[in-house]
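Student: Below are the structure tokens for one structure; questions will follow.
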Amino acid sequence: MKTFDYLLDVRDRKGAGFLLLLDPDKLDSANLGDIVRHAQDSGVDAFLVGSSLMTRDIFEKSLAEIRKHAKVPVVIFPGSLFQISGQADAILFLSVLASRNTDLIVGNHVHAAPLIRQHKLETISTAYILVESGKLTSAHFMSDSTPIPREKGEIAAAYAMAAGMFGFKLIYLEAGSGALFSVPPEMVRLVSSSSNVPVIVGGGIKDTDTAHSLASAGASFIVTGNFFENDGNSNRLKEFAKAVHFKQAMTAAVEAPGTK
């Protein structure tokens, strides 16, 4: 099964998929195996691997270590042309639609295409849309784009419509790593109702209520990462997975003894 088909199947069965973003630049490579196993046991549906800025030459090594222990898909979430590897199952072929740098819209993709084909990586074309988050994040700065104002959901919806017309497979609404505020549920609801393209939401998701509200608003996939880089929060992964998998939880409640 293709990774994209697997993700859609997860969405259909569970209500929304729970994806964990692993930033090799911020994690101890010696602990990656434990992190991956714990995340899978907690209900994570797939791993995204990447960084807005890599300061160490460890991407390939880290990806290989993650892949060795992963039983669910490993998908590259590239922050640059240097983050391409045959160690992954797929790569998000990101186009930063609102960027002022045309290389991030299509230019880098031309350079990356031959290498991606050489590695036989599954590509998942993704419209990447930055949303105001209360602070300037690395994603905002490195993407050279102006974030969509939080209260302007109609602008995000128009981008989503255009993304659908272009034929993108995913729309990624991104508040950025370490964001003060996540993407508003109202914007997610408007975007998901304006296009048939599945929506990923990430950035600033620090509690289960937010994760659940975004999934309930129409997000097909919820991404967390920065919050769980703190060892003290890793034991909450299962709570987040349950909050995101709202359809699965509802089905279990209906089928539980004594509920009929």
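The values are calculated or read from the model by the stated rules, or taken from the named source; none is laboratory data. All of these numbers come straight from a predicted model, not from anything done at the bench. Heads up, the Cβs are rebuilt from the backbone with ideal geometry, glycines too, and the neighbour counts pull from every protein chain shown.
Student: Anything in the range 145-161 that is loosely packed, with under 14 Cβ neighbours inside 10 Å and in contact (Cβ under 8 Å) with a residue 40 or more places away in the chain? List them, or say none.
Tutor: Thr146, the sole residue that qualifies.
Student: Could you list, ordered by first residue, the pairs with Cβ atoms under 8 Å in which the first is in the range 50-69 and of a type in the set (Asp, Glu) and the second is not in a helix (DSSP H, G or I), at least 6 apart or interchain?
Tutor: Glu60/Ser85; Glu60/Gln87
Student: Follow-up question, since we're still on this one. Do we have any residue at all in the range 66-73 that's in a loop (DSSP other than H, G, I, E, B), under 26 Å from Asp28 (Cβ atoms) and among the charged types (D, E, K, R)?
Tutor: Yes.
Student: Could I ask something else about it? Of Ser85, Ser95, which residue is assigned to a loop (DSSP other than H, G, I, E, B) and either polar (S, T, N, Q) or touching a Phe, Trp or Tyr at 6+ places or on another chain (Cβ under 7 Å) (or both)?
Tutor: Ser85
Student: Here are Asp25, Asp34: which of them is farther than 20 Å from Ala211 by Cβ, assigned to a helix (DSSP H, G or I), modelled with pLDDT of 90 or more and not polar (S, T, N, Q)?
Tutor: Result: Asp34 is the single residue among Asp25, Asp34 that is farther than 20 Å from Ala211 by Cβ, assigned to a helix (DSSP H, G or I), modelled with pLDDT of 90 or more and not polar (S, T, N, Q).
Student: Let me ask something else. Among the residues of the range 1-58, write down those that are surrounded by fewer than 14 Cβ atoms within 10 Å (Cβ to Cβ), under 22 Å from Tyr172 (Cα atoms) and not basic (Lys, Arg).
Tutor: Asp5, Asp9, Asp12, Leu53
Student: Ok, one more. Output the qualifying pairs, or none if there are none: Cβ atoms under 7 angstrom, residues six or more apart or on different chains, first residue in the range 1-18 and over 14 Å from Gly218 (Cβ atoms), second residue among the charged types (D, E, K, R) and surrounded by 22 or more Cβ atoms within 10 Å (Cβ to Cβ).
Tutor: If the second residue must be among the charged types (D, E, K, R) and surrounded by 22 or more Cβ atoms within 10 Å (Cβ to Cβ), the pairs left are Val10/Asp45; Phe18/Asp45.
Student: Please verify whether Ala215 is in contact with a Pro (Cβ under 9 Å, 6 or more places away or on another chain) and of a type in the set (Gly, Ala, Ser), treating the condition exactly as stated.
Tutor: No.
Student: For the range 217-242, enumerate the residues that are in a helix (DSSP H, G or I) and touching a residue at least 40 places away in the same chain (Cβ under 8 Å). So that I can check it myself, show each step before the final result.
Tutor: Looking only at the range 217-242, we keep the residues that are in a helix (DSSP H, G or I), and these are 226-229, 231-242.
Asn226, Phe228, Glu229, Ser234, Leu237, Lys238, Phe240, Ala241, Lys242, listed by residue number.
Student: Just checking, does the range 240-247 include any residue being at pLDDT below 95, among the hydrophobic types (A, V, I, L, M, F, W, C) and more than 16 Å from the chain's Cα centre (by Cα)?
Tutor: Step one: filter the range 240-247 for residues at pLDDT below 95, giving 246-247.
Imposing the further condition that a residue be among the hydrophobic types (A, V, I, L, M, F, W, C) reduces the set to 246.
Filter again for more than 16 Å from the chain's Cα centre (by Cα), leaving 246.
Looking through the range 240-247, at least one residue is at pLDDT below 95, among the hydrophobic types (A, V, I, L, M, F, W, C) and more than 16 Å from the chain's Cα centre (by Cα).
Student: Sort through Ile91, Ile129, Ile116 and tell me the only one that's over 23 Å from Met161 (Cα atoms), touching a strand residue (DSSP E or B) at 6+ places or on another chain (Cβ under 9 Å) and at pLDDT 95 or above. Break it down into steps so the answer makes sense when it comes.
Tutor: Values: Ile91 fails: over 23 Å from Met161 (Cα atoms); Ile129 fails: over 23 Å from Met161 (Cα atoms).
So the residue among Ile91, Ile129, Ile116 that is over 23 Å from Met161 (Cα atoms), touching a strand residue (DSSP E or B) at 6+ places or on another chain (Cβ under 9 Å) and at pLDDT 95 or above is Ile116.
Student: From the list Ile124, Ile116, Ile200, pick out the single residue that is among the β-branched types (Val, Ile, Thr), out of contact with any helix residue (DSSP H, G or I) (no Cβ under 7 Å at 6 or more places or on another chain), in contact (Cβ under 8 Å) with a residue 60 or more places away in the chain and within 22 Å of Ala46 (Cβ to Cβ).
Tutor: Being among the β-branched types (Val, Ile, Thr), out of contact with any helix residue (DSSP H, G or I) (no Cβ under 7 Å at 6 or more places or on another chain), in contact (Cβ under 8 Å) with a residue 60 or more places away in the chain and within 22 Å of Ala46 (Cβ to Cβ) holds for just one of Ile124, Ile116, Ile200, which is Ile200.
Student: Against the conditions (1) more than 29 Å from Ser85 (Cβ to Cβ); (2) out of contact with any Phe, Trp or Tyr (no Cβ under 8 Å at 6 or more places or on another chain); (3) surrounded by fewer than 24 Cβ atoms within 10 Å (Cβ to Cβ), where does Leu121 fall short? Just the number, please.
Tutor: Unmet for Leu121, out of (1) more than 29 Å from Ser85 (Cβ to Cβ); (2) out of contact with any Phe, Trp or Tyr (no Cβ under 8 Å at 6 or more places or on another chain); (3) surrounded by fewer than 24 Cβ atoms within 10 Å (Cβ to Cβ): (1).
Student: Go through the range 172-199 and give me each residue that's buried (at least 21 other Cβ atoms within 10 Å of the Cβ) and closer than 20 Å to Phe141 by Cα.
Tutor: The answer is Tyr172, Leu173, Glu174, Ala175, Gly176, Ser177, Ala179, Ser182, Val183.
Student: Kindly check whether there is at least one residue in the range 79-94 that is farther than 21 Å from His140 by Cβ, of a type in the set (Gly, Ala, Ser), surrounded by fewer than 19 Cβ atoms within 10 Å (Cβ to Cβ) and touching a His at 6+ places or on another chain (Cβ under 9 Å).
Tutor: yes
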